[in-house]
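Q: Before I ask anything, let me first share the structure, which is written out below as structure tokens.
The values are calculated or read from the model by the stated rules, or taken from the named source; none is laboratory data. Please read all numbers here as calculations on a predicted model, not as lab measurements. Counting neighbours? That spans all protein chains shown, and the Cβs are built from the backbone with ideal geometry, glycine included. We work out accessible area using only protein heavy atoms, side chains counted, and drop any ligands, DNA or RNA first. Shrake-Rupley method; radii C 1.70, N 1.55, O 1.52, S 1.80 Å.
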Amino acid sequence: MDYRDFDNYTKHFPTSDGRFGSYGGAYLPPQLVTAFREIDDAYETICNSAQFISELRRIRREFQGRPTPVYHAERLSRKLGKCQIYLKREDLNHTGAHKLNHCMGEGLLAKYMGKKKLIAETGAGQHGVALATAAAYFGMECDIYMGEVDIAKQAPNVTRMKVLGARVIPVSRGLKTLKEAVDAAFEAYLNEYETAIYCIGSAVGPHPFPKMVRDFQMVVGEEAREQFRQMTGNHPDAICACVGGGSNSIGMFVPFLGDPVDIYGVEPLGRGSKIGDHAASMTFGKKGVLHGFESMLLQDDKGEPLPVYSIASGLDYPSVGPEHAYLRDCGRISYVTATDEEAVEAFFMLSRLEGIIPALESSHALAYAIRFARENSTGSILVNLSGRGDKDVDYVIEHYGYGDKYAD
């Protein structure tokens, strides 16, 4: 399938049962079937409501600071050659990342449903900060589950969540990272679904969450598409975004599906291709079920999730959103990888050449754009710079110094 086959795509996918082709669905314990049906019914009731849309637009404009700009990284582009790199500056969204786009939408939905508490997991902490922000804005309680490894790596975001009034609950089981945090949050929701709502942090999970998160995040791609055309009069030749669970990327990609644009999702290759050294589920995974949905999954012969790793805490998840798997199978989106080392190089290059410190998650997308610019003598690539790197600075300096090896 090429771009001409994607007219009215969002009207057809997902299907009413949450399917993107053979992916997606809702694999739920019996006691949660009614709860998730309630969320689906509520969302379908209000998602086309003028009142809901008007309120969400007001929040985005007056509270989040949207629209975020598209920026031409001129010095970085000139250093690499003639291919031009542009950045969609989601790092300038309130709280410093794209996550607030769906958290404010989910918070508004929870308010409509009469819920009193927001429950979530977080890896890099950006989703936790965004949801704590939404809870404070709407006057709700907030419980954030976070692996102990990520708590140690992302101390600034843990502090921000607590300042905002959230309860940060450490998860000490297994690898103590994002997958275990999702497990713990899901278990908590089982006990509190009548008064709380589980706000999934990416375009994953049982239906309707992949659809909801995509819909709320599409503001990124919609803005970027219009802004780029206003700046240049053309479409970019390519766009790219990092892919862990896939919320920032699906929001960036879907508005461009019907345009003559190459689309690249960038997975974390980490330290290499061995089991436990990466989190590239699209590249090395196979079809399986995790956390209530079916998608590509890094799994062993028994179907159990394999250990994963990435320098970027927000990308170390063993599966990926079902819509990504479907769009890969359609041939519309290509999925590539970037290593830790490439991400760190991109982190320092953007910092030193443009005065923008990117999140390590976003640095994976930027690393691919740098590779693309080195390999293409002309053209343009638009990167979703999904978050800022304040949260990562201490970790990067401790392990990589101040980037002197990347200075030349």
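Q: Can you tell me which condition Val266 does not meet? The list is (1) part of a loop (DSSP other than H, G, I, E, B); (2) in contact with a Phe, Trp or Tyr (Cβ under 6 Å, 6 or more places away or on another chain), and all the others hold.
A: The one condition Val266 does not meet is (1).
Q: For Gly81, state whether it is small (Gly, Ala, Ser) and open to solvent by less than 10 Å² (accessible area, probe 1.4 Å).
A: no
Q: Next up: Would you check if Ala136 is open to solvent by 50 Å² or more (accessible area, probe 1.4 Å), more than 27 Å from Gln31 (Cα to Cα) and touching a residue at least 12 places away in the same chain (Cβ under 8 Å)?
A: Against the criterion (open to solvent by 50 Å² or more (accessible area, probe 1.4 Å), more than 27 Å from Gln31 (Cα to Cα) and touching a residue at least 12 places away in the same chain (Cβ under 8 Å)), Ala136 qualifies.
Q: What number of residues within the stretch 109-133 are assigned to a helix (DSSP H, G or I) and free of Cβ contacts under 8 Å to residues at least 40 places away in the same chain?
A: 5
Q: Within the set of pairs 6 or more residues apart or between chains, which connect a residue that is in contact (Cβ under 8 Å) with a residue 60 or more places away in the chain inside the stretch 21-49 to a residue that is buried (at least 17 other Cβ atoms within 10 Å of the Cβ) and of a type in the set (Val, Ile, Thr) with Cβ atoms less than 8 Å apart?
A: Partner pairs satisfying both residue conditions: Ile39/Ile197.
Q: Do we have Lys211 as open to solvent by 30 Å² or more (accessible area, probe 1.4 Å) and either within 20 Å of the chain's Cα centre (by Cα) or without any contact (Cβ under 8 Å) to a residue 24 or more places away in the chain (or both) here?
A: Here the answer is yes, as Lys211 does meet what is asked.
Q: Given (1) open to solvent by less than 30 Å² (accessible area, probe 1.4 Å); (2) touching a helix residue (DSSP H, G or I) at 6+ places or on another chain (Cβ under 8 Å); (3) more than 28 Å from Gly389 (Cα to Cα), identify the lone condition not met by Ser310.
A: The one condition Ser310 does not meet is (3).
Q: So which of Asp237, Asp183 is modelled with pLDDT under 95 and open to solvent by 10 Å² or more (accessible area, probe 1.4 Å)?
A: After ruling out the rest, the residue left standing is Asp183.
Q: Which of the numbered conditions does Ala369 fail, given that it passes all the others? Conditions: (1) surrounded by fewer than 22 Cβ atoms within 10 Å (Cβ to Cβ); (2) closer than 23 Å to Asn93 by Cα.
A: That leaves (1) as the condition not met.
Q: Return the only residue of Asp301, Asp237, Asp259 being in contact with a His (Cβ under 7 Å, 6 or more places away or on another chain) and over 24 Å from Gln126 (Cβ atoms).
A: Going through Asp301, Asp237, Asp259 in turn, the sole match is Asp259.
Q: Residue check: is Gln64 polar (S, T, N, Q) and either in contact with a Phe, Trp or Tyr (Cβ under 9 Å, 6 or more places away or on another chain) or within 30 Å of Val393 (Cα to Cα) (or both)?
A: Spelling it out, Gln64 is indeed polar (S, T, N, Q) and either in contact with a Phe, Trp or Tyr (Cβ under 9 Å, 6 or more places away or on another chain) or within 30 Å of Val393 (Cα to Cα) (or both).
Q: Pick from Ser273, Ser249: which is open to solvent by 10 Å² or more (accessible area, probe 1.4 Å), modelled with pLDDT of 95 or more and either in a strand (DSSP E or B) or among the small types (Gly, Ala, Ser) (or both)?
A: After applying the criteria, what remains is Ser273.
Q: While we're here: If you take the residues of the stretch 11-43 that are open to solvent by 40 Å² or more (accessible area, probe 1.4 Å) and of a type in the set (Val, Ile, Thr), which of them is nearest to Glu323 (Cα to Cα)?
A: The qualifying residue nearest to Glu323 (Cα to Cα) is Thr15.
Q: Let me spell it out: the conditions are (1) at pLDDT below 95; (2) of a type in the set (Asp, Glu); (3) closer than 22 Å to Gly201 by Cα, and Asp17 meets all of them except one. Which number is the exception?
A: (1)
Q: Can you name every residue in the stretch 217-233 that is open to solvent by 10 Å² or more (accessible area, probe 1.4 Å) and touching a residue at least 24 places away in the same chain (Cβ under 8 Å)?
A: Those that are open to solvent by 10 Å² or more (accessible area, probe 1.4 Å) and touching a residue at least 24 places away in the same chain (Cβ under 8 Å): Met218, Val219, Glu222, Glu223, Arg225, Gln227, Met231, Thr232.
Q: Residue by residue through the stretch 113-132, note down the ones that are open to solvent by 10 Å² or more (accessible area, probe 1.4 Å) and at pLDDT 95 or above.
A: Listed by number, the residues that qualify are Met113, Gly114, Lys115, Lys116, Lys117.
Q: When only residues in the stretch 313-333 that are of a type in the set (D, E, K, R) and touching a helix residue (DSSP H, G or I) at 6+ places or on another chain (Cβ under 9 Å) count, which is surrounded by the fewest Cβ atoms within 10 Å (Cβ to Cβ)?
A: Arg328
Q: Another question about this same structure. Go through (1) of a type in the set (S, T, N, Q); (2) surrounded by 13 or more Cβ atoms within 10 Å (Cβ to Cβ); (3) under 22 Å from Gly114 (Cα atoms) one by one and return the number of the condition Asn48 breaks.
A: Going through (1) of a type in the set (S, T, N, Q); (2) surrounded by 13 or more Cβ atoms within 10 Å (Cβ to Cβ); (3) under 22 Å from Gly114 (Cα atoms) one by one, Asn48 breaks only (2).
Q: If you scan the stretch 58-67, which residues turn out to be under 15 Å from Phe216 (Cα atoms), open to solvent by less than 50 Å² (accessible area, probe 1.4 Å) and outside any helix (DSSP H, G or I)?
A: Arg66
Q: Just to confirm my filter: which strands (runs of 3 or more DSSP E) fall fully inside the stretch 292-391 and include at least 1 residues that are modelled with pLDDT of 95 or more, acidic (Asp, Glu) and within 27 Å of Phe36 (Cβ to Cβ)?
A: 293-297
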